[in-house]
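What follows draws every value from the coordinates through simple rules; no lab data is involved. Since we're looking at a predicted model, the values are computed, not measured. Ideal geometry is used to build each Cβ from the backbone, glycine not excepted, and the neighbour counts take in all protein chains shown.
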Amino acid sequence: QKWRPFCLRFEGVVEDFNYGTLLRLDCRKDYTEENTIFATRIQFFAIEIARNREGCNSVVYSSAREPAAAVAEE
């Protein structure tokens, strides 16, 4: 009920705004049965944008860059 008014604001603005997608509860962990919930696409976008602004996804970004940097050095 709390999300519905927020989500409906994006109808016609974001394509497939109400389609379902998987969302990690803890962004530092992988997608597992215990760490995953079902959310609408606009909820996923809103939560991921907030996580990025708060720096929560920097752990994922850093871990993805380390192997790339190692390959580039070789």
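A DSSP coil position with no more than 10 other Cβ atoms inside 10 Å describes the following trypsin sites (Lys or Arg not before Pro) in the range 1-72: LYS2. Normalising by residue count, the chain has a Cα convex hull of 125 Å³ per residue.
In the chain, the longest principal axis of the Cα atoms and the axis of helix 58-73 are about 40 degrees apart. For the range 1-59, the set of GluC sites (Glu not before Pro) satisfying both a DSSP loop assignment and a count of at most 14 other C-beta atoms within 10 Å is given as GLU11, GLU15, GLU33, GLU34. Pairing the Cα long axis of helix 41-54 with the longest principal axis of the chain, what angle in degrees results, from 0 to 90 and rounded to the nearest 10? Taking the Cα atoms of the chain, the angle to 41-54 is about 50 degrees. Each Lys or Arg adds one and each Asp or Glu subtracts one; over the other residues with Cβ under 14 Å from the Cβ of GLU33, this totals -1. Placing a label point 7 Å from the Cα of ILE47 along the Cα-to-Cβ direction, the residues of the range 1-20 with a backbone N closer than 17 Å are 1-8, 17-20.
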